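Below you'll find the structure, written out as structure tokens, and then a few comments.
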Amino acid sequence: MALIKRFFMVGCLLSALIAIALFMTPQINGSAKSSDQADIIHREVAAKEQTVPAIDDEHVKQIINEFMDKIVQDIDKDNKVTDFDTKKALLNDFETIASRDVAEPYVDYFFNEDQNGLYIVPTETPPWFEPEEPYELERMTDHKVLVTQQNNSVFYGSYTMEIELTYDENWKITHVNEY
């Protein structure tokens, strides 16, 4: 009888251990999956951070000048833009060098759209970066730089331009401040 009790107790203990193991397995596997997913995400972020290309003076000037080139569109004798028919199309063209939040106020101010197409508003260009003048290029993070330039013009007087460029698959203007 004592032998039967021992087998019964060992059987109960084994059953309890198996039940505990079965109960804990999904939690262990679940946290392993979470940990694996976190490791994958961490590796992807690290790889992306490592592939941020450096930005030099020529690239900075190219992006900033290209922004102004998009503001100063080719027009016909009636001020009708020759390359775009809508503000939306022009804004889409800006996406390669600037965030929509940056480009939209400029497009809204300098262009009018009607049923016949897109027209530039005849006015002065905005205060802007002068590529031949000195400026400071400050690296804020691996993905962000700030261009600061002090300027003086007959039309605008003394002003400071701050242009933030951020890397997200390519370098883009993500903030402009003029004061």
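Nothing in this text is a laboratory measurement; each read-out follows from the coordinates by a stated rule. Remember, it's a predicted structure, so these values are computed and weren't measured experimentally. So basically every Cβ, Gly included, is an ideal-geometry build from the backbone, and we count neighbours across all protein chains shown.
What the table shows:
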read-out: Highest to lowest packing among 130-143, 110-123, 57-70, scored as the average C-beta count within 10 Å; value: 57-70, 110-123, 130-143
read-out: Average Cα contact separation per residue, the stretch 111-179, under 8 Å, 6 or more apart, as relative contact order %; value: 21 percent
read-out: Full-extension gain in nm, GLU130 to MET68, via 0.36 nm per residue minus C-alpha separation; value: 21.3 nm
read-out: Length added when fully stretched, ASP142-GLU95, from 0.36 nm per residue minus Cα-Cα; value: 14.8 nm
read-out: Using θ = phi - 60° and Karplus 6.51 cos²θ - 1.76 cosθ + 1.60, couplings along the stretch 145-157 (whole Hz; Gly, Pro as x); value: 10, 10, 9, 10, 9, 8, 10, 8, 9, 4, 6, 9, x
read-out: Residues in the stretch 91-106 that a label on GLU178 would reach, taking backbone N under 11 Å of a point 7 Å out along Cα→Cβ; value: 106
read-out: 12 Å reach of a label modelled at ILE120, 7 Å along Cα-to-Cβ, counting backbone N of the stretch 56-81; value: 68-81
read-out: Net +/- balance of residues flanking ASP83 in space, Cβ distance below 10 Å, scoring K and R +1, D and E -1; value: -2
